[in-house]
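Below is one structure, written out as structure tokens; the observations come after it.
The values are calculated or read from the model by the stated rules, or taken from the named source; none is laboratory data. These numbers were taken from a predicted model, which means no experiment stands behind them. Here the Cβ positions follow ideal geometry from the backbone for every residue, glycine too, while neighbour counts run over all protein chains shown. When the accessible area is computed, the model is the full protein with side chains, heavy atoms only, and any ligands, DNA or RNA have been set aside. Shrake-Rupley method; radii C 1.70, N 1.55, O 1.52, S 1.80 Å.
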Amino acid sequence: AMWRRRHQDLRRCLASACPLLLPAGMGASPAGSAGATTSLLKASASYHRADASCTAALVAGLGLAAAAGAGYRLRCPGEPAPIEADKAVAMSNWSGTHTATASRVYSPETQSELEELVRWADRTGQKIRPIGTGLSPNGLALESRGMLSMAQLDGVVKVDMQRQTITVRAGTRVSVILEELQKHGLTLENFSSITEQQIGGWTQTSAHGTGARIPTVDEMITELTLVTPGRGTLKLSATGPDADLFRWARVGMGTLGVVSEVTLKCIPKFMLHERTYCTTEADLRSNHARLLQTYRHVRYMWVPYTDTIVVVVSDVAAPGASAKAGMPEAERLKPLQGLLRELDPKCGSLDGDNFAQLREKVLVLDPLNAAHVARVNKAEAEFWRRSEGERIGDSTAILGFECGGSQWVLENCFPCGTIDKPSLADIDYVAEIKGIIEREGIAAASPIEQRWTSRSTSPMSPAYSPRAEDIFSWVGVIMYITDEARAPAIKDKFRDYAMRHADLTFKYGGAFHWAKVDLDFHRGRGRMEDLRFHLRKRFDVSGFLELRKSLDPQNIFGNRLTDEALKA
């Protein structure tokens, strides 16, 4: 069957690759066409992965002269695409911080269309960078030369109650998966603050929630289907013969192939009891290890220019537990409302504005002025002090939270000891970046967000470790894009901020979230090479590139970000 497909591919190629015609037996062949065709075909043997006799038999069967044992790759730049493409499509990530006009966007609707498209792109050299919902803050999926939308390859395939797994097509959104699992009394072990990502992109970047005993989301995958140019369609699993390849493929940033289907581990759905309170750095240092070891989920929000750290912890709710109510929202919002009315007496009615909306309205008045931002942060700290309290609810409701408006963001990941013995490097890190902010007068809005995961066994996960007991901290810094007029200036200021964050990341032996690493933050003499040097220290980049070359020899899935960051 494989050779029949290869034969059909070659016939199609030769029929369309002007000025060549079909060789003997398939039409008249002008003098010299066999030699020209051989030059079209000759390249890496990885496409066919065949022995000498099979390669020779294929070529001889088509009436072409070739040396036995040579490797051949179809190269047919004039061949039409198997499915229609949308042309000159303006694309943007969720925050609007990265844009591209894709010359072509292909949207296969079936597995067979996807497989045929990948084979065609490999023959023609057409870029088909996979894209989901575009939530990556760094525009990881964007590629102007061509993209492959997974939007039509969605839907739940099956829920296996006995194995407690769900199988879905890779274009399915996390929110849809959670809704389906609710019907069966199941849920996912962990997930990010927002759930509109497609499952393919979400897992390919090793996204995460929070909890020092809970790994990154790629660890939920037990099986996946990977469509590749070099080795065809692969069915991979944690226990199969290609288990090592499976672990690599779980976090490939969309460069090893197109993940078309995944099976995820699930757990019985549960209720969470969440507590929010404010503390100081000194108090946190005394209690940090206990919090990580005691609670299922732990999240800190450090407020620059204040001594306030917001602690949000949750664990499985005890039967019959009740939550201690906090202040009414109207009381909680008064610090931000009062500051806005003081600075902008003509602000009008604030009825109905929530916390995030009020913060944005105050920030927009002078977003690049550190003194102004510090005043906003102090009002926010008071909001959080008034928000101390508890709540009980389904995990899907508790774990999601408001991320604010459009923003620049850079998030890192670095080791911080073990679950039994946290090193406090995580606390040291944020204390150090907060000190830099305040000494240099960076207009850093709140919060500096800090979360944790256990290790991942996927070699390209930022949280990869061969040691099961290791834990990792994830720290994100932001600047809100408050208005279009000042967006370029905000970008420039955030670049300076992000560079400080990046340099400190390397000091602590960390790497960056694959959906947030941004080449723009590594501009300047020696900075790009410094990024590559530290990525090579953190990951087996040479092993990844070797695997990538075998699975995608023509690099139809890469883009500038992946190619430059992971350059050998």
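In the structure shown, do any of 158/421; 87/549; 269/334; 127/183; 269/507; 127/269 have a Cα-Cα gap over 31 Å, and if so which?
Values: 158/421 41 Å; 87/549 28 Å; 269/334 36 Å; 127/183 39 Å; 269/507 40 Å; 127/269 41 Å.
Result: 158/421; 269/334; 127/183; 269/507; 127/269 exceed 31 Å.
Only loop residues by DSSP count here, and only those with at most 15 other Cβ atoms within 10 Å; note down the trypsin sites (Lys or Arg not before Pro) in region 314-356 that meet that.
Details: sites: 324, 332, 341, 346; in loops: 324, 346.
Taking region 314-356 and a limit of 15 other Cβ atoms within 10 Å, the loop trypsin sites (Lys or Arg not before Pro) found are 324, 346.
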Expected unfolding gain across residue 90-residue 322 under the 0.36 nm per residue rule, minus the alpha-carbon gap, is 78.5 nm
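So which of 346/493; 491/537; 265/567; 493/516 end up more than 22 Å apart, counting from Cα to Cα?
Numbers: 346/493 29 Å; 491/537 29 Å; 265/567 34 Å; 493/516 17 Å.
Violating the 22 Å limit, Cα to Cα: 346/493; 491/537; 265/567.
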Tell me the mean residue ellipticity at 222 nm calculated for the chain from its helices only (DSSP H runs of n ≥ 4, each -39500 (n - 2.57), averaged over every residue, nearest 500). -10500 deg cm²/dmol
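Over the chain, give the accessible area per residue in Å² for a 1.4 Å probe, as an integer.
Details: 23060 Å² over 568 residues.
Accessible area per residue, the chain: 41 Å².
I need to check one value: relative contact order of region 442-565, counting alpha carbon pairs closer than 8 Å and at least 6 residues apart, in percent. Kindly include the intermediate steps, with their values, before the conclusion.
Details: 100 pairs, mean separation 24.3, N = 124.
It comes to 20 percent, rounded to a whole number.
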Histogram of C-alpha separations across the chain, 10 Å bin width, %: 3, 16, 25, 24, 16, 8, 4, 2, 0
Which value, in Å² rounded to 10, gives the accessible area of residue 544 with a 1.4 Å probe and all protein chains present? 0 Å²
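Quick one: if the Förster radius is 30 Å, what FRET efficiency do residue 520 and residue 388 give, using the C-beta to C-beta distance and rounding to 0.05?
After rounding to 0.05, the efficiency reads 0.20.
Can you give the local net charge around residue 492? Use residues other than it whose beta-carbon is closer than 12 angstrom to its beta-carbon, Lys and Arg +1, Asp and Glu -1.
Details: positive: 486, 491, 493, 495, 523; negative: 496, 520.
So the environment of residue 492 carries a net charge of +3.
Could you sort 462-470, 235-243, 201-209, 134-142 so that the peptide with the highest average Cβ count within 10 Å comes first and the rest follow in order?
On the way: 462-470: 16.8, 235-243: 13.2, 201-209: 27.1, 134-142: 24.2.
The most tightly packed comes first, giving 201-209, 134-142, 462-470, 235-243.
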What percentages make up the Cα-Cα pair-distance distribution of region 302-455 when the bins are 10 Å wide from 0? 9, 33, 35, 20, 4, 0
Given a 1.4 angstrom probe, I'd like the percentage of the accessible area of region 492-568 that is carbon and sulfur, rounded to a whole number. 48 percent
Between residue 151 and residue 537, what length comes free when the chain is fully extended (0.36 nm per residue of separation minus the Cα-Cα distance, one decimal in nm)? 135.4 nm
Tell me, what % of the accessible area of region 185-310 is carbon and sulfur with a 1.4 angstrom probe? 49 percent
Relative contact order of the chain (C-alpha contacts under 8 Å, at least 6 apart) in percent is 14 percent
Cα centroid separation - region 187-204 against region 319-370, whole Å: 29 Å
Express in nm, to one decimal, how much length is gained between residue 371 and residue 83 on full extension, taking 0.36 nm for each residue of separation and deducting their alpha carbon distance. 98.1 nm
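If R0 is 22 Å, what FRET efficiency do you get for residue 183 and residue 267 from their C-beta distance, rounded to 0.05? Working shown, then result.
Details: r = 15 Å, r/R0 = 0.69.
With a Förster radius of 22 Å, E is 0.90.
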For residue 432, put the label point 7 Å out on the Cα→Cβ axis and report which residues of region 275-296 keep their amide N under 15 Å from it. none
Using alpha carbon centers only, region 96-173 is separated from region 427-449 by a whole-angstrom value of 37 Å
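On the accessible surface of region 406-458, probed at 1.4 Å, how many percent belong to carbon and sulfur atoms? Could you put the intermediate results ahead of the total?
Working: 730 of 1520 Å².
After summing per-atom areas, the C and S share lands at 48 percent.
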Estimated inter-spin distance, residue 330 and residue 294, nm [label 7 Å along Cα→Cβ]: 3.5 nm
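Does region 249-319 come out rounded, prolate or oblate by the C-alpha gyration tensor, with a ≥ b ≥ c the root eigenvalues, rounded set by a/c under 1.5 and, if not, prolate when a/b is larger than b/c and oblate if not?
Note, shape of region 249-319 comes out oblate.
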Could you pull the accessible area for residue 413 with a 1.4 Å probe, rounded to 10 Å²? 0 Å²
Rolling a 1.4 angstrom probe over the protein chains, ignoring ligands and nucleic acids, what is the accessible area of residue 322 in square angstrom, nearest 10? 90 Å²
